[in-house]
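Have a look at the structure below before the remarks.
Since every read-out is calculated from the coordinates, none of them should be taken as a lab result. As the structure is a prediction and not an experimental result, all values here were calculated from the model. Glycine gets a Cβ as well: all are built from the backbone with ideal geometry, and neighbour counts include every protein chain shown.
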Amino acid sequence: MLNEKREYFRLRENLPIEFREIEEWEFASARERMILDSKRIKLKSILPDFGTLEDSKGKNREILLCLELINKKLDLLLESMNEKDKKEGFVRGLSTIDVSGSGLRFLSDRKPKKSHLELLIFLPDINRQRIRIIAEVVRVNEKKVGDDLLWEIAVRYVEILEDDRDALIAYLIEREREIIKKRKADE
C-alpha cells in the first residue's frame, strides 16, 4: 500500500498565475470576488447559441440585437473587473512549477511578506477564464536562476469553490492523459 500523504495528485504544469498579498480581514471581500467570478463563468456557459445576426429574421433578429448589446456591456464590465484586479496589486507569477487540487508551487521575482495570497489561475480552457483562490503561504525558498534572484513560493488553498477545484482537477487529469499519450507515441 502506498504511503501517500497528498489528497490530490500533482502535475508539473506551467499555468499563467497572478497573485496579491492579503490580510485575514480581506478574506470576505476576496470570497465575494470568488463567488462573482464563478457566477459570471456559469452564466457564460449556459447561454444558448442564437446563431448569427445575418441568419436571423423578425423577432429573433431583435432578440439577437439585444443579446449582442448586453454581451458588449458584459464584456466592458468584465474588462473593468480585470483592470480593477491589476489596480488592486495583483502581480504576475513568473511560472508555476507544480499544481494540484490542494495547492501549488510557483516562481516570482517578489518575495511575499504576508502569510496569505489571493491567486488568479488562468486555465487554457474555453469555459473558464480564471479561478480565484485564497491560499496560505507554506514555504518560500530563494532560488537563483541565471543572474536573477527569484522566490519559489508554495501555497495551500484555504478557500476555493468546489466547482473551481473540480475544473482544476479535470484540467490536470486531461493534461496528464495528453502527456501519457505523447510519451507512448514517442516510444
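Determine, from the Cβ-Cβ distance of A28 and R139 and an R0 of 30 Å, the FRET efficiency 1/(1 + (r/R0)^6), rounded to the nearest 0.05. Kindly include the intermediate steps, with their values, before the conclusion.
Numbers: r = 26 Å, r/R0 = 0.88.
Result of the calculation: an efficiency of 0.70.
What FRET efficiency comes out for L36 versus R175 if R0 is 30 angstrom and r is the Cβ-Cβ distance? Round to the nearest 0.05.
Using R0 = 30 Å, I get an efficiency of 0.65.
Which order do L65, L150 fall in if you start with the one that has the fewest other Cβ atoms within 10 Å? Before the final figure, lay out each step's value.
Details: L65 12, L150 19.
Lowest to highest Cβ neighbour count: L65, L150.
Under 5 Å between amide hydrogens, which residues at least 5 positions from I97 or on another chain qualify, with H placed 1.01 Å from N in the peptide plane?
Hits under the 5 Å cutoff: R105, F106, L107.
Using amide H atoms built 1.01 Å from N in the peptide plane, name the residues 5+ places from R110, or on other chains, whose amide H lies under 5 Å from its own.
HN-HN under 5 Å from R110: W151.
Determine, from the Cβ-Cβ distance of R183 and I63 and an R0 of 45 Å, the FRET efficiency 1/(1 + (r/R0)^6), rounded to the nearest 0.05.
Details: r = 49 Å, r/R0 = 1.09.
Here the calculated transfer efficiency is 0.35.
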